[in-house]
Amino acid sequence: MSEDLTTKIKSLTVAIDKGERTFPSLLERASIYQRQKKPEEAIADIKRAMEIARQRGRREEIGKCHFKLGLVHYGQKKYAEARKEIETAVEHNCKEPTLEMWRTKIDYDMKRENEDKSTPATTATTAATSTTTTTAAEKSPENASKPEPAPTAPSTSIDAINMHAPLKVKIRDDWYQTNDSVVITIFAKNIKESELQVKFSTSGVSITFPTGAGSEYNYNIEHLFDDIDSAESSYRVFGTKLEVTLKKATSQKWPTLEASNQAAAPIATQSSDAPLSYPTSSKKAVNWANFKLEDDDDGEGKNESEFFSQLYANTDDDSRRAMMKSYVESNGTVLTTNWDEAKAKTFETSPPEGMEPKKWGTAQAAIIACDFMASTSKHLLSFCRKMHVTSIPMRWGSGNNYAYLLLDQPTKNAWLIDPAEPEEVQQFLAKSKLNYELKAIVNTHHHYDHAGGNQAFHKLYPDLPIIAGKDSPLVTYTPSHEEIIDLGDDVSITALHTPCHTQDSVCYYVVDNKTNERAVFTGDTLFISGCGRFFEGTGEEMDKALNGILGKLPKDTRVYPGHEYTGSNIKFSQTILNNDAMKKLADFTNKNEQTTGKFTIGDELEFNPFMRLGDPAVQKATGATNPVEVMSRLREMKNSM
Ligand SMILES: [Zn+2]
């Protein structure tokens, strides 16, 4: 590897010295220096390249150099300088597709760094009078002395990268109060006192402990409803839980745990190290102007109420945005179509008596808006769906693959699933103007048209975990069957092992706990009205995958397969099945190029012959009754079509 790079540097140097392709060669050599952790050399090359671009008067090329300088500074953790270079790149019309991603990433790290500076290190003694730091290790002299050393600089080893994986096991929390104290309970088993940190300040509390698999639980409230006596506050570890008792500074009933101007619920996160946790302040405002409201004429919404169909018929996108923004922000009490008014203002609401305002965040209001309006407007229906899953077509016309961006709305945490073609994916995302922060690259299986982007994304984001089955390149974490991983506040993902197409096939079942939306990313295991070939498995395994696992998911779970194969699939399934669901699917597919996310597990159970092994029509067509035999024969018939 390093020899390759050295050879490459030599040939680039020859080209540069000869004056051949000097500009791109300098930038390429700079990238290699950067990878070799030689920032000074990289900067020197980029500055030479910038000089050439200036002499030629090429604005975009100057922008590109500033972009590259930004990346080098980012690598040096000089975030302010990195930010400045990226800004200058933007001013010079730099067209790098990852520019926006980097801008978001740098902003986030800057913020994180500032927060770190303002929070005293837990193991250091601090003179700050308002903060009392108590670690269990300090309290019990037997196991006192050394706190765990911080993990050393990341290498490319799986363990090191796993330490950065934002994996979470669900840990529930709750609180109650007496007249003079508040008790927060964290339901986690076997917390080691020596690794637990509980910090009290006069206005807040933070709790941190490792949960195994290199991940860490963080619970932070910056602004409690009222001040506490930090010296008198305490905690106790039990076998199944941790109890933290906050001593109230003033005896009075707290209507909420957090100060009322803090809209969000306490943030409990888990991640590899504390800085990766997501404090309330990192939440970004919804960018209403960027929401796409599409007219997907899919025949849904025939029963629209007179009111909404008329309203929609006469409104443009801006008016629709205004409606959605006003309705959501006001918790359903204001509906305006005036975008000029709506874009600048925040619509207030006073929650009904007895309701806590914090329970009425944007997401909550969005559910109400969606529940109420979804049945009346197909536009809003598509808006609701697009909040969480973005389908990214790749290799269109050849493999017809899909990558997906799965987003947790409140935290903006995102998974990028099967981004096999990095350039196509990045261009698509740059255009989409979505607001997100990548937390993992994820594969459904190891085939190149799903996992082929891992190398490139790993180069771009070396700290990002690659979550996949065991055979994917550069995989850093393979979740167990039925392991639950939280993406953020709302979205939880369950890994489902479905070996057959490949032995390492994993489907990801996703639930949005706020909206109750469900989706499953099925890779090449389940297609709409079809299934993948049995490259590494048997009919028995596919039967288990489709009918023992995926077919048992809730019927309203939307199916997001790895390819758009519906058109060719139905050519086969129509020869086997001839029911209403099949006809509707054929009709939809004739009119729409993309069918992903438009159908559910419930639909599959109707129109997918591979999921109707007991259907007399399917048994007749295959001449078999034993489910495994029916499955195997169906696949053979499809293969020979
Ligand atoms: Zn495949």
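The values are calculated or read from the model by the stated rules, or taken from the named source; none is laboratory data. Given the structure is predicted, the values throughout are model-derived calculations rather than measurements. Cβ placement follows ideal geometry from the backbone for every residue including glycine, while neighbour counts extend to all protein chains displayed. The accessibility values were calculated without ligands, DNA or RNA, using every heavy atom of the protein model including side chains. Shrake-Rupley method; radii C 1.70, N 1.55, O 1.52, S 1.80 Å.
Structure notes:
- Estimated FRET transfer efficiency when R0 is 35 angstrom, pair Asp109-Thr178 (beta carbons, to 0.05): 0.25
- In this view, the solvent-accessible surface of Arg395, computed with a 1.4 Å probe and all protein chains in place, comes to about 40 Å².
- Residue-level accessible surface for Trp396, protein heavy atoms, 1.4 Å, Å²: 90
- Three-way shape label, the stretch 447-519, alpha-carbon gyration tensor, a/c 1.5: oblate
- Gln252-Glu193 FRET efficiency (beta carbon distance; Förster radius 41 Å; 0.05 resolution): 0.80
- Full-stretch length increase - Glu341, Asp556 - with 0.36 nm per residue and alpha-carbon distance subtracted: 73.7 nm
- Computed with a 1.4 Å probe over protein heavy atoms only, the accessible surface of the stretch 2-118 comes to 56 Å² per residue.
- DSSP bridge analysis restricted to the stretch 415-639 gives an antiparallel fraction near 65%, rounded to the nearest 5.
- Three-way shape call for the stretch 501-602 based on the alpha-carbon gyration tensor, with the a/c threshold at 1.5: oblate
- Note, ³J(HN,Hα) from phi for the stretch 545-550, Karplus 6.51, -1.76, 1.60, rounded to Hz, x at Gly and Pro: 4, 7, 9, x, 10, 5
- Förster radius 51 Å - calculated FRET efficiency between Glu87 and Met637 (Cβ-Cβ, nearest 0.05): 0.30
- Cα-only Debye scattering, the stretch 415-639: base-10 log of I(q)/I(0) at q = 0.12 Å⁻¹: -0.65
- In terms of distances greater than 26 angstrom between alpha carbons, the cross-link table entries Lys199/Lys345; Lys241/Lys544; Lys38/Lys78; Lys111/Lys439 yield Lys199/Lys345; Lys241/Lys544.
- Accessible surface for Phe457 stands near 0 Å², nearest 10, in the context of the full protein assembly shown (1.4 Å probe).
- Cα gyration tensor category, rounded, prolate or oblate, for the stretch 2-118 with a/c compared to 1.5: oblate
- Taking the 1.4 Å solvent-accessible surface of the stretch 420-509 as the whole, the part contributed by carbon and sulfur is 52%.
- Distance (nanometres) between label positions extended 7 Å along Cα→Cβ at Gln594 and His481: 3.3
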